[in-house]
Amino acid sequence: MKIFIAPEAELASMVADRYEALLKAKPDAILGGATGSTPLGLYAELVRRNKAGKISFKDVKTFNLDEYVGLDGSHDQSYRYFMNKNLFEQIDIDIANTHVPSGIVTENCADYDKEIEAAGGIDLQLLGIGVDGHIGFNEPGTPLDSLTHVVELEESTRVANSRFFKSIDEVPTHAVTMGIKTVMNARAIILMAIGKSKAEIIAKTLQGPICTEVPASILQLHPFVEFYLDPEAAALLK
Ligand code: F6R
């Protein structure tokens, strides 16, 4: 496990360097994507480097972590919409090579794991973290061997995400998410966390016991995991 602490403005560029190195070594890499506020700076930097001709996504395939149940890709709060707008439409990726779990057809969501496997497995999975320790939408109590599945969202997650909706009532109650095992199967993982609201959970995740109550704590067992934190998110690390 490696931990990098730097001001928010530098984190995006540091993580983008990791992507640049990976794509140089493996132009057809399989990337695991995340949504939320945290990766926005990184995605802007990847777009910038793509437009500058430094990196290409021409042969890349992507698999996103999660999607709200009930929202299709045309809904402006769906994660498919987020990814198209903030990354895919701005880079040279073939949109057919981008995958986000369906929030509408959720019956066979474990097929998502088979698709990932058939593509060769994820080379680099990007993660944010919820204040309750969720990764993807694997909320506290999720079994560590879970594959892609439908979850009921914690109230704290719905409240945190209501900032993007007109009211909390509009925030979906369920989501489809890669499971913890799906995430742990990635060959390398980068978790980014920014801001003081993440400080407590970052300390528990990195230095607390590994337990299902803090889903992200399982990352301590991953052989190639890197944490990119701003000083506020790292404030409670010993
Ligand atoms: C999003 C996701 C979530 C977020 C987490 C943090 O695809 O899987 O686990 O990473 O909720 O969200 P932000 O970055 O908005 O604080």
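Points to keep in mind about this one:
- For K51, a cut-off of 18 angstrom between C-alpha atoms picks up these lysines, skipping any fewer than 8 places away in its own chain: K24, K85.
- Here the spin labels are modelled as points 7 Å beyond Cα on the Cα-Cβ line, and at Q77 and D59 they lie 4.1 nm apart.
- When the helices of the chain are scored as -39500 (n - 2.57) per DSSP H run of n ≥ 4 and the total is divided over every residue, the value at 222 nm lands at -8500 deg cm²/dmol.
- Antiparallel beta bridges, as assigned by DSSP with both residues in the chain, represent about 30 percent of the total such bridges.
- Overall Cα dimensions of the chain, principal axis frame, Å, largest first: 42, 41, 35
- With semi-axes defined as the square roots of five times the eigenvalues of the C-alpha gyration tensor, the equivalent ellipsoid of segment 91-207 measures 23, 19, 15 Å, largest first.
- Dipole orientation for the chain: of the candidates V69, F165, G33, G33 has the Cα lying most toward the positive pole (charges on Cβ; Lys, Arg +1; Asp, Glu -1).
- When the alpha-carbon atoms of segment 30-139 are used, the pair Rg, Dmax equals 13.7, 42 angstrom.
- Student exercise, the chain dipole from Lys, Arg, Asp, Glu Cβ charges, in Debye to nearest 20: 800 debye
- Among the trypsin sites (Lys or Arg not before Pro) in segment 46-79, those placed in a DSSP loop whose Cβ has at most 14 other Cβ atoms within 10 Å are K54, K58.
- Label-point separation, R48 to H174 (7 Å along Cα→Cβ), nm: 4.1 nm
- Spin-label pair S13-E200: with each label point 7 Å from Cα along the Cα-Cβ axis, the two points sit 3.4 nm from one another.
- Percent RCO, i.e. relative contact order, over the chain, from Cα pairs under 8 Å lying at least 6 residues apart: 24 percent
- Sequence ranges 66-78, 28-40, 222-234, ranked by mean other-Cβ count within 10 angstrom, highest first: 28-40, 222-234, 66-78
Each reported figure results from applying straightforward, stated rules to the coordinates on display, with no laboratory input. Computed from a predicted structure; not experimentally measured. Because the Cβ atoms are built from the backbone with ideal geometry, glycine has one as well, and the counts that use them run over all protein chains shown.
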